[in-house]
Every structure is written in C-alpha cells, then in structure tokens.
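Report on one structure; see the data block that follows.
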Amino acid sequence: VQVETYQQAAVYRLGVLQEDILKPGIHFTLPYPFDKVEIYDTDVVQKTTIGYRSEENADNIWTQSHGEEEYKLLLGGGDELVSINLRLEYKISNLNYYLKTSTEPKAHMEALAYELVTDQTIATDLSSLLSVDREAFASNFKKELSEKLEMQQIGIEVVSVVLESIHPPVDIATVYQELISAEITAEKMILYAEGTANQTVAKAEAAADTAVFGAKSEYEEKV
C-alpha cells in the first residue's frame, strides 16, 4: 500500500480497526479480505459552510437569495431573526479519534458549530450583531469550537473561520433596509431642524443684544 505525503491510512484486520495508523510511505499488509486499507487526506484542508450555501457573488447582498434555504436564528429578544454564513476550514488531526469517536465526524463538528452560533446570538439583538467586529467574532468562534472539538476528541482541527455574512433574512431585508433608511432620514431631519433652531436662536439673541445696546445708547444721549 502506498500512502502519499499528505495522507494517512487505517487498517481494518478482519473488520477490526488496528491501532497503528499508516504514515506516508510504502507498507505491506495482508491481502483482502484479511486486511482492508482506507486512505485519508489528513493534511488537505477541507471546507464546510455553517448557515446557507451561497451562490456566486450574492453573499453580501441582503435582498438576494443565497441558493439553498437560509439558516435563520432567533435573537435574544425573541422578535428578531438573522441569517448568518460562516465558512469553516478544517483537517483531520488524529485519524484514530476521527474513525473511533463518531460515525460522522464532519456532521458532529457542524452540529457543535451550529450550537455555538446559537450561543453567540441568543443574547444579542440584530443591530448589535450587524455591527459586530467580524475578525474578533471569527477568532473567538474558532477558539471556542476548537476547545469543544478537543474536549470531545473528534480528531478534527479547525484551521480557520471566516464570517462571510450577517444580515436580516431575505424576505424582510428590503423592509429592514427601508427602516434603516427612514431612521437615517429622520436623524438628518432632526439635525437639520436643530441646526436651523440654533441659527434662529443665535439671530434672535443678536437682535436682542442690538436692541438693548441701542436703547442704552439712546438713554445715555437723552440723559
């Protein structure tokens, strides 16, 4: 059996997984059906998406569909939803754990990731989440997910986490954008009104000062 430099192999002898994992190189095993060898690309970085599966360049466009049905999270207040998209890059770090701990290691990792996403969003609101520092969010997410994976000994190492998109669900994104736009317009109108009021007050105060000084001057002249 030839195992490439980026691979490792597991040997099943009479259907029983052997402890010794085959490293890169040439190995001799018993012929089938006594030995069965399964080769895994342990040093190849793989990817999976937590959230929706995006299509082409629609990732950051709130009002466009992102392919499959979006994963919607209920936020802390209980009356707001958010769609989130995380890209996980990972590789097999321990082939023994990978094969023994779980029948579906990737699905196990994804379940932990979804659980962690829920924990991250349950105590916040949409405005706070949309303004989050993405790098800090991704870094913290990677740290916590890595700790969970190590604790459960799944044999997977998280290489990187990328927070690709956070936005309101597509079906309410247009309404949300209109709401934000209305809030911005209202704020502009308030600032304009306050500026106009300040100008009016300043002119009135100047006119009052002029009238007072004029009256005092006239009084002095008459005296």
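See the values below:
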{"quantity": "Residue among Tyr90, Tyr71, Tyr98 that alone is of a type outside the set (Val, Ile, Thr), buried (at least 18 other Cβ atoms within 10 Å of the Cβ) and modelled with pLDDT under 60", "calculated": "Tyr71"}
{"quantity": "Counted residues, the range 3-17 - those being in a loop (DSSP other than H, G, I, E, B), within 40 Å of the chain's Cα centre (by Cα) and either surrounded by 14 or more Cβ atoms within 10 Å (Cβ to Cβ) or at positive phi (or both)", "calculated": "1"}
{"quantity": "Sole exception among (1) modelled with pLDDT under 75; (2) in a loop (DSSP other than H, G, I, E, B); (3) more than 14 Å from Leu163 (Cα to Cα) for Asp59, by number", "calculated": "(3)"}
{"quantity": "Any chance Tyr32 is among the hydroxyl-bearing types (Ser, Thr, Tyr) and open to solvent by 60 Å² or more (accessible area, probe 1.4 Å)", "calculated": "yes"}
{"quantity": "Answer residue from the range 35-45, given it is open to solvent by less than 70 Å² (accessible area, probe 1.4 Å) and either of a type outside the set (A, V, I, L, M) or free of Cβ contacts under 8 Å to residues at least 40 places away in the same chain (or both) and is farthest from Lys106 (Cα to Cα) among those", "calculated": "Asp35"}
{"quantity": "Helices (runs of 4 or more DSSP H) lying entirely in the range 94-161 (those with 2 or more residues that are in contact (Cβ under 8 Å) with a residue 12 or more places away in the chain and within 23 Å of Glu19 (Cβ to Cβ))", "calculated": "95-100, 105-121, 134-152"}
{"quantity": "Test: residue in the range 165-184 that is at pLDDT below 60, open to solvent by less than 80 Å² (accessible area, probe 1.4 Å) and part of a loop (DSSP other than H, G, I, E, B)", "calculated": "yes"}
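The values are calculated or read from the model by the stated rules, or taken from the named source; none is laboratory data. Predicted model only: the values in this text are computed from it and were never measured. Here Cβ is always computed from backbone atoms with ideal geometry, including for glycine, and neighbour counts include all displayed protein chains. Ligands, DNA and RNA are excluded from the accessible area calculation, which covers all protein heavy atoms including side chains. Shrake-Rupley method; radii C 1.70, N 1.55, O 1.52, S 1.80 Å.
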